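Where a number appears in this text, it was derived from the coordinates with a stated rule and is not lab data. What you see is a predicted model, and the numbers here were worked out from it, not measured in a lab. Cβ: placed from backbone, ideal geometry, glycine included. Neighbour counts: every protein chain shown.
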Amino acid sequence: MRQDITARQAGILCFLMMLSSKILALPSLLYKDVGYFAMIIFLMLLSMEVLFLFVFIKLKEKYINLSFFDILSKFLGKIITKIIYFLFFVYFLIAVVHLIYDNFIYLREAIFENAKIEKFLLIFLPIICALSYKGLNSLARTAEFFYIFIVFGFICCLVLGASSISQFTLPIFENLSITTILNTSFKNIFWFGDFIFFLMIIDKIKVKNGFGKTIMNYVWLCFVVLLIFYFIFYQVYKNTSFMHNNAITDIIAFTNQVENIEKLNLIALLVVMFIIFYQGGVLFYCLNESFSKICTYTNKIQNYILFVLGTIIVFLLFFYSSQKIHLYLANYGKYLGLLIFLILPIYLIFQINFDKNKKIYNKKVKK
Amino acid sequence: MFFHVEENLNYYKSKLNNSFDVCTRKLKVGQTEIGMIFIKSMMDKEIFVNSVMSPLQDYDKKEKVTFKILENEILKIFELERVETEDDVITKLTQNNLIIFLEGEKCALVTDMEKAPVRTPAEPPTSSVIRGPREGFVEDIKSNIALLRLRFKTEKLCIKNFEVGRYTKTKVCLFSLKGIADENLIKKISKKLESIDIDGIVDSHYILSFLQEGRGLLFKQIGATEKPDIVAAKMLEGRIAIMVDGSPIVLTLPFVFLEDLQASNDYYSNPLYVTFMRIIRALGIVLTCILPGVFLSFRLYHYKALPLKYLITVANSTQGLPFSPFIEMVFILILFQILYEVSLRLPRYLGIATSIVGALILGDTGVKAGLISSPAVIIIAMSMIAVYTVPDQAPQLTVLRVIFIFLGGTLGLLGVVAGMIYFINEMNALNFYDTPYLAPFSPKINSDLKDALTKASITDMCERPKVTKTKNKVRLSK
C-alpha cells in the first residue's frame, strides 16, 4: 500500500496534534502557576514549538527522501541514533499513557459517571491499534475527513464561549521573576512537543513546490485559534481559571441556552472524543515507527506482534500503576521533554546550517 | 467430424444427449445432400424459413453444391462462419447456432439463429427517475449492447468479449472508451476475467466476487447499475463497464463511495436542488448508521446530557417497560427486518397486508401494551427509512446500523465515536484498483468536488474526475 501523504494531510495532522494536547488541562495549569502571565508563556512556548516545526520542514527540504533515522545516523552514528530513538519510543509511550489518563478523567467528569478504566481501555486501545496498524496513509486521510467537523465544532465552542463573556477585562500581569517564568515553562514543556511526531513521518510526505508553506498555513491557523481559545477561556473564568481543568467544555458552560437547544457541551465533548482517538492513533503509529528503527524488523508478522505487545504493555502499565505513572511523568517527563523538544531541534538547526553537502540526498532512496 | 451428413447429424445429436429439442433436418440441394442441426427451442423460425429453408428448396440448378456456393449464392444470411473442429461445432450449437453439414465435407457452416425470450427495455424498479431516460438493461446481452451502442456513435468504443463458465459458457463483455479509460486497468480486468474458472455464471454478481480486491468485504467495491445512461456517463468519466449475458445489472469500475451518493436524476435537475438533495442523502447515511446507536447510548449512559424537555418526554414514554433499552432496540430492529424481508418476498398484494399487520398492528399494539416504547419505534423507523436515500448502499448500512447499536448499547457515545473513526479509517485504507475509496473527500481532490456533495453546473465541469486516472482529462472545450 502506498504510504505517502500530501502536504495538506501533513498540515492537518500537525493541526490536530497541536490542538489536541492544549485544550483540556493546560490553560488552568498555566494559570495556577503564573496567573494571567500564562498567556505570555503559552505564546512563547507555542512560538517555540512552531519554530521547531519550521526547522523540521527545512530538514525535510534538505534531505527529501531520507528518514529521520537515516539523517541522524549519518551524522551521529547508528548507536547514538538508536539511543535517541529509544528516547522517542519512551516519549511516545508516555504520551499515549498521558493521553489515556487525562482523557479518561475528563470523560468521566463530563459524561461517563462511574466509568471504569477497563471499559475505557477496552474501547480506546483496540481502536488506536487498528488506526495505527492500517498505516499513515489511511490515518492521514481519516484526519482529512474529520478535520472540517473538528474545526467547525471547535469554532462553535469559541463563538459560544465568546458570547458568554459579560465584560472584557484587561489582564493584569503580576510581577514575576524570570526564574518563575522559566520554571513554569520548563515544568510544562511536555505539553509543547507535539511536532516530534513529524520527525517520524518526515520521509513519507510528498514533496511538491510550496509543501512547507501548506503545512505552515495549517499550523498558523491552529496557532491563532489556540490563542483566541486561551484568551476567551481566561476572559470567561478570570481569576477562577485555575479551577477549570476541562477548558474546552468549561468554556461553553455558561452558554447552555440557544433557543431550545440545551447542553451544548456535547459539541465540545464530540470534538475531544474525535481528537483523542486520532491523537492516540498517531502516537501509536509513531511508537511503532520508533520501535521498528530500534529493532529493525521488516516483516508484517513481527509488526503485528509488536502491536499486540505494545498494547499489552501500555495496558498493564496503565492498569496497575496509573497514579504512579502520572506522578512520575509530572516529575521527570519534563527532562525528557527538554532533551527531545529543545536540545534535539537546536542541534538540528546547527546540522542544517553546517551540512553543505546536499547533492546526494535528493535522490530516491531505495529501501 | 465425418464426411457423411448422416453420421455427423447422429453424432452431434447424441453428443447433446439426444435432447428432444435438438432437431436435425436433411434435404437434397442440387446434387448434394445437406444436413442441418439446431436447437428448436431457441431458434428464430421465421429467419430460418425465410433465409435458409426457402432458398435451399428453391435452388434448382442440378450441380454439386459447395460451401462457397451456399455462402455466396443460396443462403440469404450475412453472418456465416466455417468451423472445423468438433469442439467448435458443439460450442456453436449450444450457443443456438444453426449448423449446416455438406456430404463429403469435413467441416461445417454455422450461423446465429438465436431467438431467446427477451424482455423489452423498461424502467428498472431499482432506479426510477422523474426526469431523464427511462430505459433499463434487460437480460439479453445483445439488446444491452445495442442500448449502449445507441449512446456511443464512435469508433472509440471498445468491446472485449470473454466466455466464462465451464457449463454456462456465459458471454461477458468489457466496455471501455479508447483514449479515456485507463489501459492498465483494462489489462488488469481482462486478466482477471480470463482467469475465472468456474462451472457457471448466471448473473453479473458472480463476476463481482472475482473482481474484488483485498479483504474489505463490508464495503462495496464495484458499481452496479441497470441504466444505460448511467453506464454511458461513467464510461465518459473514464470508468469501464462489464456486461454479463443473462443479467440486467452492468458492473462499473473503479468504484468510489461517492458514486452511490449520486443519482441519475441529479444530472437532469437544477444543480442547487441537487446539492440540497445530496446533503440530505449524506444525512440519511449518518441517520441510518448511527441514530439508533446514539439514541441508545443517551438512554443508557448519558441521559443527563439530554436537554431536560426531551429527557422528560423520553422518560415518560419509557416508563415501566419490561425490557432494557438495548434489548428493546434489538427486538424492534429484528421485528422491522423480518417485516422487510417478508414484504420483499411475498406477492405484492400480500406484502401490503403484511406491512399493515406489522407496522400498524404489531407496532401500535406493542407500544400500547407497554412492551416497546414509541421513541424507540420512531428511531428505528427513521433509520429504516433513511437507508433508502442511498438504496445502493442499503446492505452495508444495515450491517453498520447493527454494529453501531451494539457499540452504543455497550460502550456508550464513546463507542459510537470509536466505531465512526474505525470505519472511516477502514474505508480510507481501501484502494481498490488504485482508487481511494472516499475520494474526493479524503484525499481531497478539489476539481472532483464539483460533483461531490455539491453539484456544479455541467458547463463548469470542464475536466473528467481525476480519481479515474484518465489520460484524456478535458471534457469540455471552452
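For the Cα atoms of chain A, what angle does the longest principal axis make with the long axis of helix A:117-133, in degrees from 0 to 90, nearest 10?
Rounded to the nearest ten degrees, it is 40.
Viscosity 0.692 mPa s, temperature 37 °C: what is the translational diffusion coefficient of region B:5-112 from Stokes-Einstein with a Kirkwood Rh over Cα pairs, rounded to a whole number of µm²/s?
Value of D from the Cα-based Kirkwood radius: 237 µm²/s.
Residue by residue, what Karplus-based ³J(HN,Hα) values in Hz, rounded to whole numbers, does region A:57-68 have, using 6.51, -1.76 and 1.60 with θ = phi - 60° and x for Gly and Pro?
Those phi angles translate into 5, 4, 4, 5, 4, 7, 10, 3, 9, 8, 7, 5 Hz.
Once you sort the root eigenvalues of the Cα gyration tensor of region B:126-188 as a ≥ b ≥ c, which label holds: rounded (a/c under 1.5), prolate (a/b larger than b/c) or oblate (the other case)?
On the way: a/c = 2.03, a/b = 1.19, b/c = 1.71.
The shape class here is oblate.
May I ask you to list, by number, the DSSP H helices of chain B whose Cα span along the axis is at least 20 Å and whose average Kyte-Doolittle hydropathy reaches 0.5 or more?
Working: long enough: B:271-300 (42 Å, 1.57); B:325-345 (30 Å, 1.58); B:394-429 (25 Å, 1.40).
Long hydrophobic helices here: B:271-300, B:325-345, B:394-429.
Using θ = phi - 60° and the Karplus form 6.51 cos²θ - 1.76 cosθ + 1.60, what ³J(HN,Hα) does each residue of region A:213-219 get, whole Hz, x for Gly and Pro?
Calculated HN-Hα couplings, in order: 5, 4, 5, 5, 4, 5, 5 Hz.
Return the subset of B:Lys15/B:Lys106; B:Lys171/B:Lys473; B:Lys234/B:Lys455; B:Lys160/B:Lys234; B:Lys28/B:Lys106 for which the Cα-Cα distance in this structure is over 20 Å, preserving the input order. Before the final figure, lay out each step's value.
Numbers: B:Lys15/B:Lys106 17 Å; B:Lys171/B:Lys473 32 Å; B:Lys234/B:Lys455 16 Å; B:Lys160/B:Lys234 18 Å; B:Lys28/B:Lys106 18 Å.
Violating the 20 Å Cα-Cα cut-off are B:Lys171/B:Lys473.
Along the charge dipole of region B:269-429, pointing to its positive end and built from +1/-1 on Cβ of Lys, Arg, Asp and Glu, which listed residue (B:Ala418, B:Gly293, B:Met382) has its Cα farthest out?
Result: B:Met382.
Taking H as built 1.01 Å from N, whose amide H comes closer than 5 Å to the amide H of B:Lys455, not counting residues under 5 places away?
Residues meeting the amide H criterion: B:Thr275.
If each DSSP helix of 4+ residues adds -39,500 (n - 2.57) and the sum is divided by the residues in chain A, what number results at 222 nm, nearest 500 deg cm²/dmol?
Details: 14 runs with 261 residues, N = 367.
For chain A, the value works out to -24000 deg cm²/dmol.
State, to one decimal in nm, how far the label point of A:Thr179 lies from the label point of A:Asn114, with both points 7 Å from Cα in the Cβ direction.
It is 5.0 nm.
Can you pull out the chymotrypsin sites (Phe, Trp or Tyr not before Pro) in region A:129-219 whose DSSP state is coil and whose Cβ has at most 11 other Cβ atoms within 10 Å?
Values: sites: A:Tyr133, A:Phe145, A:Phe146, A:Tyr147, A:Phe149, A:Phe152, A:Phe154, A:Phe168, A:Phe173, A:Phe186, A:Phe190, A:Trp191, A:Phe192, A:Phe195, A:Phe197, A:Phe198, A:Phe211, A:Tyr218; in loops: A:Phe168, A:Phe173, A:Phe195.
Taking region A:129-219 and a limit of 11 other Cβ atoms within 10 Å, the loop chymotrypsin sites (Phe, Trp or Tyr not before Pro) found are A:Phe168.
Between A:Ile172 and B:Asp203, with labels modelled 7 Å along Cα→Cβ, what's the label distance in nm to one decimal, could you check?
About 7.8 nm separates the two model spin labels.
Compute the Rg/Rh shape ratio of chain B: radius of gyration over Kirkwood radius, all on alpha-carbon atoms. Show your work: numbers first, answer last.
On the way: Rg = 29.5 Å, Rh = 26.7 Å.
With Rg and the Kirkwood Rh in hand, the quotient comes to 1.10.
Can you sort A:Leu87, A:Leu136 from fewest to most other Cβ atoms within 10 Å of each residue's own Cβ? Walk me through the intermediate numbers first.
Values: A:Leu87 15, A:Leu136 24.
Going from sparsest to densest Cβ surroundings: A:Leu87, A:Leu136.
Between B:Arg475 and A:Lys208, what is the spin-label point distance in nm, taking each point 7 Å from the Cα along the Cα→C-beta axis?
1.9 nm
Between exposed GluC sites (Glu not before Pro) in chain A, where DSSP calls loop and at most 10 other Cβ atoms lie within 10 Å, what's the longest gap?
Working: sites that count: A:Glu113, A:Glu174, A:Glu259.
Counting only loop sites that pass the neighbour cut-off, the longest clear stretch is A:1-112.
What FRET efficiency comes out for A:Val224 versus B:Phe331 if R0 is 41 angstrom and r is the Cβ-Cβ distance? Round to the nearest 0.05. Before the final figure, lay out each step's value.
Numbers: r = 51 Å, r/R0 = 1.24.
The value I calculate is 0.20.
Mind listing the long-range amide H neighbours of A:Ile5? Cut-off is under 5 Å, sequence gap 5 or more, other chains count too, H placed in the peptide plane at 1.01 Å from N.
When sequence neighbours closer than 5 places are left aside, the close amide H contacts are A:Ile205, A:Lys206.
What is chain B's relative contact order, in percent, from Cα pairs under 8 angstrom and six or more apart in sequence? Could the numbers behind the result be given before it?
Numbers: 732 pairs, mean separation 62.3, N = 478.
Over chain B, the number comes to 13 percent.
At a Förster radius of 60 Å, what calculated FRET efficiency corresponds to the Cβ-Cβ distance of A:Leu339 and B:Ala353, to the nearest 0.05? It would help to have the intermediate numbers written out before the result.
On the way: r = 76 Å, r/R0 = 1.26.
The computed FRET efficiency comes out at 0.20.
Once you charge only the Cβ atoms, +1 for Lys and Arg and -1 for Asp and Glu, what is the size of the charge dipole of chain B about its Cα centre, to the nearest 20 debye? Walk me through the numbers before you get to the answer.
On the way: 57 positive and 51 negative charges, 310 e Å.
Result for chain B is approximately 1500 debye, rounded to the nearest 20.
Just the number, please: Stokes-Einstein D of region B:141-255 in µm²/s, Kirkwood Rh from C-alpha pairs, 4 °C, 1.567 mPa s. Walk me through the numbers on the way to the answer.
Numbers: Rh = 14.2 Å.
The diffusion coefficient I find is 91 µm²/s.
With all pairs of different alpha carbon atoms counted, what Kirkwood hydrodynamic radius in Å does chain A show? Spell out each step's value before the answer.
Working: mean 1/r = 0.0468 Å⁻¹.
For chain A, the Kirkwood estimate is 21.4 Å.
For B:Glu73 and B:Arg131, calculate 0.36 nm times their separation in residues minus their Cα-Cα distance, and state this gained length in nm to one decimal.
Values: separation 58, 0.36 × 58 = 20.88 nm, distance 5.07 nm.
Gain in length upon complete extension: 15.8 nm.
Test of understanding: ordering A:Tyr278, A:Tyr347 by Cβ neighbours within 10 Å, fewest first, what list do you get? The partial results should precede the final answer.
On the way: A:Tyr278 25, A:Tyr347 15.
Ordered by Cβ neighbours within 10 Å, fewest first: A:Tyr347, A:Tyr278.
If you rank B:Ser51, B:Ser447 by fewest surrounding Cβ atoms within 10 Å, what's the result?
Lowest to highest Cβ neighbour count: B:Ser447, B:Ser51.
Suppose every Lys and Arg Cβ carries +1 and every Asp and Glu Cβ carries -1, with no other charges. What dipole size does region A:167-284 come out with about its Cα centre, to the nearest 20 debye?
On the way: 7 positive and 6 negative charges, 88 e Å.
Magnitude of the dipole: close to 420 debye.
Given +1 on the Cβ of Lys and Arg, -1 on the Cβ of Asp and Glu, and no further charges, what dipole in debye does region B:5-112 carry about its Cα centre, rounded to the nearest 20? Write out the running numbers ahead of the final one.
Values: 15 positive and 20 negative charges, 60 e Å.
That gives region B:5-112 a dipole magnitude of about 280 debye.
Could you state the per residue volume, in Å³, of the convex hull enclosing the Cα atoms of the protein assembly as shown?
Working: hull volume 189.6 nm³, N = 845.
Roughly 224 Å³ of hull volume per residue.
Expressed as an acute angle from 0 to 90° and rounded to the nearest 10, what is the orientation of the C-alpha long axis of helix A:7-20 relative to the principal long axis of chain A?
Between helix and principal axis, roughly 40 degrees.
Report the extension gain between B:Leu344 and B:Glu46 in nm, rounded to one decimal, defined as 0.36 nm multiplied by the number of residues separating them, less their alpha carbon distance. Walk me through the intermediate numbers first.
Working: separation 298, 0.36 × 298 = 107.28 nm, distance 4.01 nm.
Residue separation times 0.36 nm, minus the Cα-Cα distance, leaves 103.3 nm.
Using the Cα centre of region A:85-135 as origin and beta-carbon charges of +1 (Lys, Arg) and -1 (Asp, Glu), tell me which of A:Leu93, A:Ser132, A:Ala110 is placed farthest towards the positive end of the dipole.
Value: A:Ser132.
So what's Rg/Rh here for region B:269-429, counting alpha carbon atoms and using the Kirkwood radius for Rh?
Numbers: Rg = 16.9 Å, Rh = 16.9 Å.
With Rh from the inverse mean 1/r over Cα pairs, Rg/Rh is 1.00.
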